[in-house]
Every structure is written in structure tokens, then in C-alpha cells.
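Input: a single structure, listed below in C-alpha cells.
FYI, it's all coordinate maths here, none of it is from the lab. Source: prediction; values computed, not measured. We place every Cβ from the backbone using ideal geometry, glycine too, and count neighbours over all the protein chains shown.
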Protein chains: 2
Amino acid sequence: MEDTDFKITIIGLGLIGGSYALALKELKPSKIYGVDISEESLRLGEAMEVIDKGYTDPKEPLMESDLVIMCVYPKLVKEFIKDNMDYFKMNAVITDVTGIKSQFVEEVNGLLREDIDFVFAHPMAGREFSGLKYASKEIFKGANFIITPTDRNKEQNIKLIENMAIKMGFKNIEKVKPEIHDKIIGFTSQLPHVIAVSLVNSDNSGLDTGKFTGDSYRDLTRIARINTKLWSELFLGNKENLINEINEFQQNIAELKNAIENEDIETLNKILSRASKKREEMS
Amino acid sequence: MEDTDFKITIIGLGLIGGSYALALKELKPSKIYGVDISEESLRLGEAMEVIDKGYTDPKEPLMESDLVIMCVYPKLVKEFIKDNMDYFKMNAVITDVTGIKSQFVEEVNGLLREDIDFVFAHPMAGREFSGLKYASKEIFKGANFIITPTDRNKEQNIKLIENMAIKMGFKNIEKVKPEIHDKIIGFTSQLPHVIAVSLVNSDNSGLDTGKFTGDSYRDLTRIARINTKLWSELFLGNKENLINEINEFQQNIAELKNAIENEDIETLNKILSRASKKREEMS
């Protein structure tokens, strides 16, 4: 990215795409283009100076771009790559923000031209709102960034994406196999969303719950304002891991319930102390 | 509290007791005393000017105090009231910060002198740290405050506690029966703690989880840094309500799991949309 003629295209100018564009401006690429089906988002992106220019037809920006960042839903990534592979610049690098990897990586790799290098990544950042107007480069500050390298990747391109993440403000960059990513994300990201949704749906008090909450309920349910379409895709795309994690959680909550039901104070204290210690030690 | 000789004693000078003292200073009582078994906390409270004077023996401050605020664990509230009833000033008002009410209220009411009015309350605020040094009046700003009036309470004393809460910065004051309090708190406060603990204890990845988390995991598990002794007491003191709420939650998570397992997209979308809408509407 020291190259003074380095051009970037962002596919999908929503919350994450817009936030990427804002964070990437600091790297001073010669141009940042945006591609979206919404003319409105593109014009807004230009007006906010988030992008240099917006396109509904990706052909032109793709032909010029050294780095392409896919910020659309998993299925759309595949469709887009399939439909537009011919237009990518020679030796272009692609990266993404997709929350599931194993099967997805395999399918996408099957669609790539020989010279194109796709470095799969997952920025662990977001907001409970969607759309370009909520875009902010602040969401990446101090966050985790996961790269899932594949055998196809050139070392220099993995480095490129790693440097990009550091310059965008991510605190920690981990490189793991796609399968490991999906297992751990099933636990750290998908299971919390499953829990938050189930907690909100358990509310049958008939009262105005918001008047009886402390920070705990608000914190635990913030992510229940969920993007239904995206998360359905993510859950089903990582079904096996997620079901395993839900099972493990169900077992843990059942044990705690039994201890309460039986007034088994010793077990209760053991369970609470274990969690408290574990949470305290978390980096 | 317009009375210029209005004196307050706080029993238990930990995080909540200290925070109360700080917030109550704004009401300009003539004196705020602190009672604690720890000399160290009392001297720190005096040095920080959180209290005017600290005592390990409650006799002297109780005899002078118009308002006494019980900021210790539920069982200790009962013991303290029982042991020290004789020393309370004539017509003193007592309030508390206890997270469970029904049985507790009944038991405490059985220990009170005829002239003493105990207005039971529950400030929905806290921090994941304990101890006076973390005390801050900021924790009450914008928070919810619940009063559970009883037949014994004088209207003017309920008003006194209500005004106190407003001046301390609480945003919303609700008055409900003790049984209603315990049902709703089983859902909004105790269930989230049960969930957070169970989530942290489900971590069996063997990886450094903190490097693979987004805000969601951190938000959902913050309260897993739990005060074991306090929360064991609270869980068992509201056992029946809490078990009901856990059952309801278990049913909801099982439904969501089934929808994922069966790739039943229609049901999945319905569940996610319902939660999202419900959370959005929360005041």
C-alpha cells in the first residue's frame, strides 16, 4: 500500500463497508470506489466523502482495483465473485468480512481465477444498527481481526491484509484455519446472539420491562436487535458447530438450575466462582 | 429532607453503600455516618470524604439518624435489624437496596418496632467490582429504582424515599408489590446472571477466547464476574420465580435450536424478528 497508485473497491456500502472505507482512507490509497445496488447509498457515500466515486455496475472500478473488499452477505459474495470474476484486475487481492468460513471459503475458492488471491478475514466488530449513515471507523479501534489463510494465499498478500487491519486500528490479529474459526465463532459470536434472542423472547411479564432493568438485561439483549436475514444465513452456514455450542450451554444452564432447585449451595458456589474466575482471566 | 438537621446512616460501606453516600451528599443532610465491620473501609470513607464519620458500633449513629440505609447482604439486613432495633431513633425511616423482596420483607417487618417505618427499595444499578474504592454516584444516573410499599408504610415516608431516589439521579421510579418485584427481577436481573455464568462456563475451546470475541461476548459475560456469596443468596431467596424464568428461557432456546437444526428458515426468521422488534420497543 506504499504504492501511490493503489486503488480499493468496496462491494456493499452499508454499515461495515462504509466503516471500512472510512478507516481505509487513513492509508491514503489513490482512490476508494464503492459498489452498491442502491444509488442512494452511493450518492450519500460520495456526499459524506466516504468514497471517491460510487458505481452500481462493478465493471469499471474492478478493472482498476488492486484490493477489493467484499462487504455483503455470504451468499451475495459467492454470486458476485461468480458473476464478475472476468472484470477483476490482474493479480488483484480480495478480502471479506464474512462471519463464517469453512464451507464458504471452499466454495469461493472454486470460483477464483488463477491469478486472483482471496485472503479471507473476519473483523470482530459491528453495531446494532445497519446502513451507511451509522458507519464509523471507531468501531474497529481495539477490536479483534481474524484471518483464515488458505493454501492458495501468497504470503505477501496475507501480510497486506494484516497490515491493513493494523492500520485500521484493530488491536489483535489472529490467523487460524477456517474450521477453527467456525468452531470458536460459534461460541463467541453466534451462541451469544442465540442467547440474546431467546432471552428477549422469554419476556412474558406483561409489564414494561424497560422500567425494571439494570445494565445486565440491557447488555445481554442489545444484540437481540438482530439483522434477521444476515444471522439466519450465518446460523445455518455454521449449523453443526453452533448446535454443539448450544448443547454445551444447555448442559451448563441445566446444572446451574439443578443446584438452585436442590439448594445445593456448595455446587452453586463452585459454578459461580468458576465463571467469575474465568471471566476475570479473559484477555 | 428540607429539615436542616436531617441525619443519615449507611450500614455497609461497600460499593453500593459508598455510592449512596456520595449521591446523598447532594441532598445536603447535616451528617452522613457510615457503619461497617471494616475499620479500613471507615477510615477510607472518611479520608475520601464519602462520610462524615465511621463507626464499627452502630449504636451512636443510629440514635441520631432520621434515615438509615441498609447496604449489606439480605441475611445481614435481618440480623442487623434484629440486633439493633432498640437503638434506632424514634420514628426513623429505614430503606434498603436488597434484590429480593417477598419473603424478606415479611421477615424484616416482623422485627420492626411499631414507630419505625421500613420502605423497601431496589436500586437497579451496580458494577462488576466491589468495594468502597469503586464507589461512584454516576452509577445511579438514568437508572431504574423500584419501591415495594407495604401496608405498614406511611405515605410521607414512601414520598421521602421517592424524592431521595429522584435527587440521587434515578430516572424512573416504579412502585410494585413485593411479589411482582420478585417475579420481574427473576427475569430482568437474576436470569441474565444465570445465563452469563453458564455462557462463560461453556467455553471449552482451549483457545485464548478473548482474541476471538466481539462486543457481544464481552457484553453478555461482563456480569459473570459475579459476587458468589451475594448472588447465591439472591438466587435461593427467589428460587421459585427464578426456576420458572429459567424454564421459560430453556424452552425458547430449544425452539431456536430446533429451527436451526431443521433448517426451518421460516420459523427461524419469525423468532429472530420477534426478538428484534421486542428489543427495539423496550423503553
Task: Those aspartates and glutamates that a straight Cα-Cα span of less than 15 Å connects to B:LYS167, excepting residues fewer than 8 apart in one chain - done: B:GLU2, B:GLU26, B:GLU138
Task: Volume in Å³ per residue [convex hull over Cα atoms, computed for region A:95-141] - done: 112
- [ ] Mind sorting A:GLU128, B:GLU114 by how few other Cβ atoms lie within 10 Å of their own Cβ, fewest first?
- [x] B:GLU114, A:GLU128
- [ ] State, as an integer percentage, the relative contact order of region A:180-281 based on alpha-carbon contacts under 8 Å between residues 6 or more apart.
- [x] 34
Task: Loop chymotrypsin sites (Phe, Trp or Tyr not before Pro), region A:81-169 (other Cβ atoms within 10 Å of the site Cβ: 16 or fewer; DSSP) - done: A:PHE129
TODO: List A:ARG274, A:ARG225 from most exposed to least, where exposure is judged by having the fewest other Cβ atoms within 10 Å.
DONE: A:ARG274, A:ARG225
- [ ] Pop the C-beta distance of B:ASN262 and A:ASP83 into the FRET formula with R0 = 35 Å and round what comes out to the nearest 0.05.
- [x] 0.65
Task: Cα-based equivalent ellipsoid, region A:7-176: semi-axes from gyration tensor eigenvalues, Å - done: 21, 19, 15
Task: ³J(HN,Hα), Karplus 6.51/-1.76/1.60, whole Hz, each residue of region B:66-72, x for Gly, Pro - done: 7, 9, 10, 10, 8, 10, 10
Open item on the list: Just to check, using Stokes-Einstein with a Kirkwood Rh over alpha carbon pairs, what's the diffusion coefficient of region B:180-281 at 20 °C and 1.002 mPa s in µm²/s?
Closed with: 137
Task: DSSP beta bridges in chain B [antiparallel fraction, %, rounded to 5] - done: 15
Task: 7 Å along Cα→Cβ, label-point gaps from A:GLU49 to other copies, nm, shortest first - done: 4.7
Open item on the list: About the Cα centre, and with charges only on the beta carbon of Lys, Arg (+1) and Asp, Glu (-1), how big is the dipole of the protein assembly as shown? Nearest 20 debye, please.
Closed with: 620
Task: Within a Gaussian network of chain A (alpha carbon springs, distance under 10 Å), most fluctuating of A:ILE260, A:ILE166, A:ILE243 - done: A:ILE260
Open item on the list: Charges on Cβ only, +1 for Lys and Arg, -1 for Asp and Glu, centred on the Cα centroid of chain A; of A:ASN269, A:SER189, A:ILE8, which one is farthest towards the dipole's positive end?
Closed with: A:ASN269
Open item on the list: From the phi angles alone, apply the Karplus equation (6.51, -1.76, 1.60; θ = phi - 60°) to region A:176-189 and give each ³J(HN,Hα) in whole Hz, x where the residue is Gly or Pro.
Closed with: 9, 5, x, 5, 5, 3, 5, 5, 5, 6, x, 7, 7, 10
- [ ] Give the distance, in whole Å, between the Cα centre of region B:1-63 and the Cα centre of region A:212-270.
- [x] 40
- [ ] Quick one: which residues, 5 or more positions from B:THR9 or on another chain, have an amide H under 5 Å from its amide H? H modelled 1.01 Å from N in the peptide plane, none for Pro or chain starts.
- [x] B:TYR33, B:LEU67, B:VAL68, B:ILE69
Open item on the list: Checking the table A:LYS89/A:LYS183; A:LYS171/A:LYS229; A:LYS211/B:LYS159; A:LYS133/A:LYS211; B:LYS31/B:LYS101; A:LYS257/A:LYS277 against a 22 Å threshold on Cα-Cα, which pairs fail?
Closed with: A:LYS89/A:LYS183; A:LYS171/A:LYS229; A:LYS133/A:LYS211; B:LYS31/B:LYS101
Task: Global geometry of region B:29-92, whether rounded, prolate or oblate, following the gyration tensor of its Cα atoms and the 1.5 cut on a/c - done: oblate
Open item on the list: Rounded, prolate or oblate, given the Cα gyration tensor of the protein assembly as shown, with a/c below 1.5 counting as rounded?
Closed with: prolate
TODO: Ratio to report: Rg/Rh of region A:133-203, with Cα atoms as the point set and Rh obtained by the Kirkwood method; give two decimals.
DONE: 1.09
TODO: Along Cα-to-Cβ, 7 Å out, sits the label point; list in nm, shortest first, how far the one on B:LYS133 is from those in the other copies.
DONE: 4.6
Task: Residues whose placed amide H lies under 5 Å from that of B:TYR55, excluding near-sequence neighbours - done: B:GLY34, B:VAL35, B:ASP36
- [ ] For region B:187-283, state which GluC sites (Glu not before Pro) are in a DSSP loop and have at most 14 other beta carbons lying within 10 Å of their beta carbon.
- [x] B:GLU263
Task: Gaussian network model of chain B, Cα within-10 Å springs - most flexible of B:SER19, B:SER216, B:SER273 - done: B:SER273
- [ ] Kindly provide the Kirkwood hydrodynamic radius of region B:106-264 in Å, to one decimal, from all pairs of distinct alpha carbon atoms.
- [x] 18.6
- [ ] Pairs of Cα atoms under 8 Å, at least six residues apart: use those to get the relative contact order of region B:5-140, whole percent.
- [x] 29
Open item on the list: Output wanted: per-residue J couplings in Hz (rounded whole) for region B:16-25, from phi through Karplus 6.51 cos²θ - 1.76 cosθ + 1.60, θ = phi - 60°, x for Gly and Pro.
Closed with: 6, x, x, 5, 4, 4, 5, 5, 6, 4
Task: Relative contact order (percent, whole number), chain A, Cα cutoff 8 Å, 6+ residue spacing - done: 15
TODO: Compute the label-point distances linking B:ASN262 to its equivalents in the other copies; points lie 7 Å from Cα along Cα→Cβ; give nm, one decimal, shortest first.
DONE: 3.3
TODO: Name the residue, out of B:LEU242, B:LEU27, B:LEU15, whose mean-square fluctuation peaks in a Gaussian network model built on chain B with Cα pairs under 10 Å.
DONE: B:LEU27
